[in-house]
1. Taking only protein heavy atoms and a 1.4 Å probe, what accessible area per residue, in Å², does the range 255-408 have with all protein chains in place?
2. Quick check on the chain: helices-only [θ] at 222 nm, where DSSP H runs of length 4 and up contribute -39,500 (n - 2.57) each and the sum goes over total residues. Nearest 500, please.
3. What order do 65, 249, 174 take when sorted by accessible area (1.4 Å probe), most exposed first?
4. Tell me the carbon and sulfur percent of the accessible area for the chain, rounded to whole percent, probe radius 1.4 Å.
5. Kirkwood hydrodynamic radius of the range 207-307 from all distinct Cα pairs, in Å?
6. Just order 16-29, 158-171 by mean Cβ neighbour count inside 10 Å, highest at the front, would you?
7. For the range 54-134, what is the largest minus smallest coordinate of the Cα atoms on each principal axis, given in angstrom and ordered from greatest to least?
8. Specify which residue in the list 398, 266, 375 is farthest towards the positive end of the charge dipole of the chain, using unit charges on the beta carbon of Lys, Arg (+1) and Asp, Glu (-1), about the Cα centre.
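The values are calculated or read from the model by the stated rules, or taken from the named source; none is laboratory data. Computed from a predicted model, the values in this text were never measured in an experiment. All Cβ positions, glycine included, derive from the backbone under ideal geometry; neighbour counts span all protein chains shown. Calculation scope for accessible area: heavy atoms of the full protein, side chains included, ligands and nucleic acids excluded. Shrake-Rupley method; radii C 1.70, N 1.55, O 1.52, S 1.80 Å.
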Amino acid sequence: MPQHDLDPKFGFCRDCLIYQGQENRRCIQCGSPRVLRHDELYELTVAHVDCDAFYATVEKRDNPELADKPVIIGGGKRGVVSTACYLARIHGVRSAMPMFKALEACPQAVVVRPDMEKYSRVGRQVRQMMEELTPLVQPISIDEAFLELSGTQALHRNPPARTLADFANRVEREIGITVSVGLSYCKFLAKVASDLDKPRGFSIIGAAEALTFLKDRPVTTIWGVGKAFEATLRKDGITTIGQLQLMEEGDLMRRYGSIGQRLFHLSRGQDTRSVHTRDSAKSISSETTFNSDYADRTTLVPVLRSLSEKVAYRLKKSETAGHTVVLKLKSAEFKLRTRNKRLDDPTCLADRIFHTGLSLLERELDGTKYRLLGIGVSDLTKADLADPPDLVDLEATQRAVAERAIDKVRARFGKDAVETGYTFGRHKAARPQRDQEGSDKS
């Protein structure tokens with residue numbers, strides 16, 4: 001292998017991959033300014049790859065007329081932003097922002113309803129290309145994953161950094177979207193690095209610089225420190241990671257419990273988590289935001305049934321089942337209610353999910369108008385132990401048999417081939433402006 005493959009004095013061009021000497025500011029081959037250099041460039045093997053503004057980038061790829069326009073992916077005025085392109089973000093649009101606020105910030109934006117089936121298809125294409133680099137790929141969501149490239153140098157005849165740069169170029173060339181790469185020695189800093197230079201970024205955080213790099217960054221950089229915990233730390237006078245670096249582990253644990261131990265280690269760039277090939281979901285759910293607010297059983301029950309069938313479909317497809325059914329409601333005043341019930345046996349049946357959710361919903365039909373309804377299951381397990389015959393409720397057993405028969409018909413003729421009495425002619429007034437499915441990760 002040439003000496004420059006391992007010598008950090010030699011960088012390389014991210015566009016044409018040609019090695020560069022120390023004196024070269026631009027690529028000696030193609031003239032690109034995207035020359036990558038770092039003292040640990042050829043030592044680091046843990047990467048985080050994140051697709052840039054994924055949904056919006058896919059839509060721009062498929063509709064060239066959107067290329068130079070700010071694009072927001074989301075529902076109607078009562079919905080929220082799923083994602084936004086970088087042009088829209090310049091105007092202050094952010095993910096999870098209410099749509100009406102996003103349009104106030106960027107009235108010239110083009111709003112596109114999400115096409116999850118298309119995004120999933122593109123996400124699988126990117127995932128397949130990742131798996132060509134290394135068997136150690138840990139998906140985090142539809143558009144991001146951790147990769148461990150130790151031991152792949154002989155296979156690809158390239159150090160991991162150069163392999164990743166080639167991968168990013170292939171994604172852009174063959175799939176038509178862009179990705180950003182973070183490279184480090186641990187998952188925590190690889191994830192931080194991938195956010196540093198979006199879009200089309202490639203950032204590196206090495207072990208030698210970790211303490212200095214983290215010192216002046218806000219505590220929210222640390223995984224698990226959200227707004228609520230940030231406020232707690234601020235009350236205690238802690239706003240930067242550098243302050244945490246000066247504190248003892250025992251003191252942090254006495255103050256904050258187990259998360260104090262995490263603060264101690266991550267503030268010092270210490271993360272021993274390995275890249276796993278499968279990151280199990282903790283829950284599977286589906287929810288709908290309505291165009292109007294509803295309080296009546298007649299409107300809400302058919303929606304609950306439809307959502308239950310979506311959840312059951314995903315459970316069966318992944319051969320999993322859940323012990324706990326979770327109902328989610330959001331009032332017109334944006335107040336969230338969650339109710340749950342644990343089952344004696346895990347389930348993947350729409351009928352059990354629906355009837356359990358219905359019993360929870362009926363307790364909440366107190367005149368409150370709801371803008372969002374969701375149903376899901378948690379405490380997931382393998383489906384082989386799910387839904388044993390009910391020797392007490394024979395009707396439930398008969399409904400389970402009927403559901404499995406319906407599944408076979410739908411598998412052959414499509415999901416709309418059979419409808420239940422609950423969803424047939426679903427209440428038109430309750431037609432949602434946004435459906436959303438989720439899988440919470442461990």
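1. Numbers: 7770 Å² over 154 residues.
Computed with neighbouring chains in place, this is 50 Å² per residue.
2. On the way: 15 runs with 153 residues, N = 442.
Helix-only estimate at 222 nm: -10000 deg cm²/dmol.
3. The ordering from most to least exposed comes out as 65, 174, 249.
4. 50 percent
5. Numbers: mean 1/r = 0.0588 Å⁻¹.
Answer for the range 207-307: a Kirkwood hydrodynamic radius of 17.0 Å.
6. 158-171, 16-29
7. Its Cα atoms span 44, 24, 19 Å along the three principal axes.
8. 375
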